[in-house]
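First the structure, in the form of structure tokens, and then the observations on it.
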Amino acid sequence: MASAESRRRAAVTAFLLIPALLQLFPLFYLLGLSFKIGGEVMAYPPRLLPRALDWTNYSLALKAAPLWRFLLNSVIVSTAITALQVLTSILAAYALARLEFAGRGLAFGFIMATMLVPGEITIIPNYFALARLGWIDTYAGLVVPFASSGFGVFLLYQFFRTIPKELEEAAMLDGASRLRFLFQIAVPLSAPAVTALAVYAFVNAWNMYLWPLVITQSTSMQTAQIGLGMFRSQNESMNWGVIMAATAMLISPTILLFVAAQRQFVRGLTTSGLKG
């Protein structure tokens with residue numbers, strides 16, 4: 001039986017590797033191109049791997065555009081959006097899951113309804129509101145419109161509902177306030193969901209294109225995605241190896257973050273689905 005079970009698992013693993021490799025192939029090809037120089041980029045038949053790891057394309061990309069500035073802006077904006085979304089989602093989800101107040105169901109319904117609204121609809125009103133505040137071409141203008149997340153509230157709401165009420169009552173009897181119980185007991189118990197939300201928020205913020213394109217006016221405030229588009233448009237005649245090197249640098253933070261938090265991310269999403 002053990003041998004049959006092992007063969008079954010091996011077959012399932014081999015079957016699942018096929019779509020995984022198909023998903024990873026563009027990334028491997030991008031990395032391979034980023035290390036190719038000269039005629040090797042357009043050589044036929046094409047080679048997936050370069051003949052040598054030559055970092056020339058990366059140095060040329062850094063000289064051709066302020067990539068470090070684009071990366072810094074994206075790190076600042078994405079980190080701020082992630083922190084705000086996690087904080088506001090924790091507070092709102094706890095209130096909806098654990099507190100009794102009039103209109104709780106209606107409030108939860110309105111929050112869920114925001115998930116059905118396309119982001120493009122809010123661009124114009126957000127722009128005019130931020131223009132009145134003088135936040136055009138600022139970090140505040142890039143961050144504040146995304147300080148909350150309906151998905152984050154929904155995700156954490158599922159977890160907070162599963163925490164036994166007896167645990168909260170015991171903490172209250174020991175003199176803990178609701179905020180202390182929330183941040184010292186409820187949040188640590190919901191670490192997989194919080195991690196999943198943080199990764200989701202960071203990746204979404206990093207990949208934003210349309211809003212930063214609208215709200216930023218100077219090169220010094222542009223984020224990685226806008227910078228990459230500008231880099232490609234201004235260097236159409238440049239070697240594709242240089243363009244791929246710039247692309248690799250600008251997407252690497254999100255890939256590294258997901259790899260580091262992969263287990264918690266998957267656990268948070270699957271557990272919330274099972275307990276919903």
Cα centroid distance between segment 89-124 and segment 1-31, in Å?
39
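With N set to the number of residues, divide the alpha-carbon radius of gyration of segment 10-127 by 2.2 N^0.38 Å and report two decimals. All intermediate terms of the calculation are to be shown ahead of the outcome.
Values: Rg = 23.8 Å, N = 118, 2.2 N^0.38 = 13.5 Å.
Against the empirical 2.2 N^0.38 Å value, I get 1.77 for segment 10-127.
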Cα axis of helix 67-98 to longest principal axis of the chain: angle in degrees, 0 to 90, nearest 10?
20
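Determine the shape class of segment 55-113: with a ≥ b ≥ c the square roots of the Cα gyration tensor eigenvalues, call it rounded for a/c under 1.5, and otherwise prolate if a/b is greater than b/c, oblate otherwise.
Details: a/c = 5.93, a/b = 4.42, b/c = 1.34.
Prolate, since a/c reaches 1.5 and a/b exceeds b/c.
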What angle, in degrees between 0 and 90 and rounded to the nearest 10, separates the Cα long axis of helix 262-275 from the longest principal axis of the Cα atoms of the chain?
40
Taking T13, T56 and counting other C-beta atoms within 10 Å, the order from fewest to most:
T13, T56
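Tell me, what is a quarter of the convex hull surface for the C-alpha atoms of the chain, in nm² with one decimal? Present the calculation step by step, with values, prior to reporting the outcome.
Details: hull surface 85.9 nm².
Seen from a random direction, the Cα hull of the chain projects 21.5 nm² on average.
Can you sort F28, F35 from fewest to most other Cβ atoms within 10 Å of each residue's own Cβ? Show your work: numbers first, answer last.
Details: F28 12, F35 22.
Listing F28, F35 from fewest to most nearby Cβ atoms yields F28, F35.
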Provide the descending list of Cα extents for segment 1-54 along its principal axes, expressed in whole angstroms.
56, 18, 18
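Please sort by residue number the trypsin sites (Lys or Arg not before Pro) in segment 50-81 whose DSSP state is loop and whose Cβ has at most 12 other Cβ atoms within 10 Å. Working shown, then result.
Working: sites: R51, K63, R69; in loops: R51.
Taking segment 50-81 and a limit of 12 other Cβ atoms within 10 Å, the loop trypsin sites (Lys or Arg not before Pro) found are R51.
Taking only DSSP H segments of four or more residues, each worth -39500 (n - 2.57), what value at 222 nm results for the chain once the sum is divided by all its residues, to the nearest 500 deg cm²/dmol? Please report the intermediate quantities before stating the final value.
Values: 14 runs with 194 residues, N = 276.
That comes out to -22500 deg cm²/dmol.
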Take the alpha-carbon centre of segment 161-227, take the same for segment 52-67, and report the distance between them in whole Å.
35
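Bear in mind that the values in this text are calculations on the coordinates, not laboratory data. The model shown is predicted, which means the values in this text are computed figures rather than measured ones. Heads up, the Cβs are rebuilt from the backbone with ideal geometry, glycines too, and the neighbour counts pull from every protein chain shown.
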